[in-house]
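Have a look at the structure that comes next, please.
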Amino acid sequence: MNTYYKFTFMKNYIFVFFVGFTFLFSCSSQRGSVHSKLLSLQDSLNILSDSIRVKGITIHNLFKCQILAHRKVGKFDSSMILQNVYLPHKQLWNSCYGIIFGSDNASKFNHSIGMVKWNKTLYPENKAHCDLSILG
C-alpha cells in the first residue's frame, strides 16, 4: 500500500470513528430527557405567564390566580385575588360582569368584598372539574 492510500484510509477511519462517537453520545443524552418528571398543577401554573399582550390589549390570566390563591391547604390568599383578579379588571367587574351574571349574582362581582368571598369557594367547590379541564 502506498502512503497516499494509507493516509486516506486513516482519514476515513478517523472520520467514521468521530461520526459514530458523536452519534452515540447525542442519542444517549436524548434518552435522559424522555424520563422527565411531570409537573404538578401548581408548578405548571407557576411557570405560566400572568398575562399576555395582543395588539395592544393586555389579557390577564385570572384562572391562574384564582387557583393559586388556594395553593396552601386550608389557606386562601385574598390579596392575590384583589391584586391579580379584581383590580386589573375593576371597571369590567363593577359594570359588566354583574349585569352579565344577573342581578342575583352582581354582588359577587361588583366590589372587592364580594369578589374575595366568591373566589374563596369557587375553586374548592369546583376543584375536580377545574383540575380536569386544566390537566386534560
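What distance in nm separates the simple spin-label points at Leu39 and Val54, each placed 7 Å from Cα in the Cβ direction?
Simple spin-label model gives 2.0 nm for this pair.
Hey, what do the phi angles of segment 79-92 turn into as Karplus ³J(HN,Hα) couplings, whole Hz, using 6.51/-1.76/1.60 and θ = phi - 60°, x for Gly and Pro?
Each residue of segment 79-92 in turn: 5, 5, 5, 5, 6, 10, 10, 6, 5, x, 10, 3, 5, 5 Hz.
If you don't mind, there's one more thing I want to ask. What number comes out for the charge environment of Phe76, summing +1 per Lys or Arg and -1 per Asp or Glu over other residues with Cβ under 12 Å away?
Within the 12 Å Cβ shell, the charges total +4.
How much length would be gained if the chain were fully extended between Thr121 and Lys72, taking 0.36 nm per residue of separation minus their Cα-Cα distance, in nm to one decimal?
That pair, Thr121 and Lys72, stretches by 16.2 nm at full extension.
How far, in nm, would the chain grow between Ser95 and Phe63 when pulled straight, counting 0.36 nm per residue and subtracting the alpha carbon separation?
9.5 nm
When Lys and Arg each count +1 and Asp and Glu each count -1, what net charge do the other residues less than 15 Å away from Ile113, Cβ to Cβ, add up to?
In short, +4.
Please state the relative contact order of segment 48-101 as a whole percent: Cα pairs under 8 Å, 6+ residues apart?
Taking the mean separation of contacting Cα pairs over the length of segment 48-101, I get 24 percent.
Right, another one. Please list 3J(HN,Hα) in residue order for segment 37-51, calculated via the Karplus relation 6.51 cos²θ - 1.76 cosθ + 1.60 where θ = phi - 60°; whole Hz, with x for glycine and proline.
6, 6, 7, 6, 4, 5, 5, 4, 5, 4, 8, 6, 5, 6, 7
Filter Lys64/Lys108; Lys37/Lys75; Lys72/Lys108; Lys37/Lys64; Lys55/Lys117 down to the pairs with a C-alpha to C-alpha distance above 30 Å, please.
Result: Lys55/Lys117 exceed 30 Å.
What are the ³J(HN,Hα) values, in whole Hz, obtained from phi via the Karplus relation 6.51 cos²θ - 1.76 cosθ + 1.60 with θ = phi - 60°, for each residue of segment 108-120 in sequence order, with x given for Gly and Pro?
Working through the residues one at a time gives 6, 10, 9, 7, 4, 5, x, 5, 5, 4, 5, 6, 5 Hz.
Right, something else. Just to confirm, what accessible area per residue do you get for segment 47-136 at 1.4 Å probe, in whole Å²?
For segment 47-136, the per-residue accessible area is 69 Å².
The values are calculated or read from the model by the stated rules, or taken from the named source; none is laboratory data. Remember, predicted model here, so these are calculated numbers, not experimental data. Positions of Cβ are generated from backbone atoms using ideal geometry, with glycine treated the same way; all protein chains shown enter the neighbour counts. Note: areas computed on protein heavy atoms with side chains; ligands, DNA, RNA excluded. Shrake-Rupley method; radii C 1.70, N 1.55, O 1.52, S 1.80 Å.
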